[in-house]
Amino acid sequence: MTELTFRNQDRMPALGLGTWKSDPGEVGEAVREAIRIGYRHIDCAAIYGNEAEVGQALRDAIGAGEVRRDHLWITSKLWNNAHLPEHVEPALQRTLDDLQLDCLDLYLMHWPIALKPDVAFPEDGSAFLSWDEAPLTATWEALERCVQKGLARHIGVSNFSRTNLVKLENASIRPEMNQIELHPLLQQNDLVADCRATGIHVTAYSPLGSRDRPPRLVREGDPVLLETPRIIEIARKHEATPAQVLIAWAIQRGTAVIPKSVNPRRLRENFDAARLELDRSDLDAIAGLDKHFRFVDGEVWTSNDSPYSRADLWDE
Ligand code: A2P
């Protein structure tokens, strides 16, 4: 299994299990099954609303001797309503309690957007805190203190553009990860290259096109990534599946990738994608598919009198 090496030589398996949209009632069994198959990297977040069940599954798997804690890589994310410095450590502590862990391997700032403490999703502009009220650097310094206290081994960000990453350039612990939407329809070559050049690893989310995304993110005419003819052709050529081509592409690009599934057959299929090797002609064909198309466009953060604009979120 390909691994990404962090600054202190810790290693994260490039292929992880995504848990966004995995409902309580099914996510626990998915995590157990994934661990049985061989997954050792699980991607979580407080806002997914399922960390307690993930935590129970981790505890059961460790208790049953199926895996050791130190062989697992567990990532979670700070929600937007806990950006004020005094709220960061308590939010991380809640995640640790839910996951039944003493320490996370990686903790990410989920979005570069701050909400008031009692708001999960905004209904209007009054739900937000501006960057003046909740500066990204202040949230980041609170995350650094969590590392110093031993609550997270590594810290990073998610959904950060190059412009926003630059704001953390002088931090005492520079971000080690940027988790962003990446797939052949949104390749973000410049951002991936910039992250690489500045020592920031990249994780690809929604690598399969998140067909099960919530209705608010679905628009008429949206492409169906897994049905892209070119991807299907490449899959046929290798006697693989389209999902495997998408996962192998992400790994060959040097990114981590976190396909979500709650289905045992697809969990296995996705795990086996790590063995698929795409050739030059496959990679060239996929390079031609970029449409700068986002399934997760962040509009919820930039509409309805939000203090944040699209340009505050994305460079591309
Ligand atoms: P399921 O959980 O029933 O397997 P993403 O990782 O881009 O968010 O995509 C997740 C979506 O893709 C879910 O609907 C998931 O359904 C589905 N999915 C996961 N693995 C595969 C696969 N190998 N083939 C087809 N669909 C898949």
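The values are calculated or read from the model by the stated rules, or taken from the named source; none is laboratory data. Worth saying up front: this structure is predicted, and the values here are computed from it rather than measured. Because the Cβ atoms are built from the backbone with ideal geometry, glycine has one as well, and the counts that use them run over all protein chains shown. We work out accessible area using only protein heavy atoms, side chains counted, and drop any ligands, DNA or RNA first. Shrake-Rupley method; radii C 1.70, N 1.55, O 1.52, S 1.80 Å.
Results, tabulated for the structure shown:
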{"quantity": "Flag for residue 236 being open to solvent by 40 Å² or more (accessible area, probe 1.4 Å), in a helix (DSSP H, G or I), modelled with pLDDT of 95 or more and more than 10 Å from the ligand (Cβ to nearest atom)", "calculated": "yes"}
{"quantity": "Qualifying positions in the range 259-282 - closer than 19 Å to residue 229 by Cβ and surrounded by 15 or more Cβ atoms within 10 Å (Cβ to Cβ)", "calculated": "276, 278, 282"}
{"quantity": "Some residue of the range 83-99 being open to solvent by 50 Å² or more (accessible area, probe 1.4 Å) and either touching a strand residue (DSSP E or B) at 6+ places or on another chain (Cβ under 6 Å) or part of a loop (DSSP other than H, G, I, E, B) (or both)", "calculated": "no"}
{"quantity": "Condition check for residue 3: within 16 Å of the ligand (Cβ to nearest atom) and among the acidic types (Asp, Glu)", "calculated": "no"}
{"quantity": "Enumeration of residues in the range 191-233 that are hydroxyl-bearing (Ser, Thr, Tyr), touching a residue at least 40 places away in the same chain (Cβ under 8 Å) and more than 10 Å from the ligand (Cβ to nearest atom)", "calculated": "203, 228"}
{"quantity": "Matching residues, the range 192-228, being surrounded by fewer than 18 Cβ atoms within 10 Å (Cβ to Cβ), of a type outside the set (A, V, I, L, M) and part of a helix (DSSP H, G or I)", "calculated": "196, 215, 216, 227"}
{"quantity": "Within the range 20-33, considering residues that are in contact with a Lys or Arg (Cβ under 9 Å, 6 or more places away or on another chain) and at negative phi, the one most open to solvent (accessible area, probe 1.4 Å)", "calculated": "20"}
{"quantity": "So residue 17, is it closer than 18 Å to residue 177 by Cα and open to solvent by less than 60 Å² (accessible area, probe 1.4 Å)", "calculated": "yes"}
{"quantity": "Tally, over the range 36-66, of residues that are out of contact with any Asp or Glu (no Cβ under 9 Å at 6 or more places or on another chain), open to solvent by less than 10 Å² (accessible area, probe 1.4 Å) and within 16 Å of residue 103 (Cβ to Cβ)", "calculated": "2"}
{"quantity": "Inter-residue pairs, beta-carbon under 7 Å, first acidic (Asp, Glu) and in the range 176-189, second more than 15 Å from the ligand (Cβ to nearest atom), 6+ apart", "calculated": "176/6; 176/7; 176/154; 176/155; 176/156; 176/200; 176/201"}
{"quantity": "Residues located in the range 233-271, provided they are of a type in the set (D, E, K, R) and under 15 Å from the mean Cα position of the chain (by Cα)", "calculated": "260"}
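Residues checked against (1) within 16 Å of the ligand (Cβ to nearest atom); (2) open to solvent by 40 Å² or more (accessible area, probe 1.4 Å):
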site: 256; (1), (2): yes, no
site: 288; (1), (2): no, yes
site: 296; (1), (2): yes, no
site: 301; (1), (2): no, no
site: 308; (1), (2): no, no
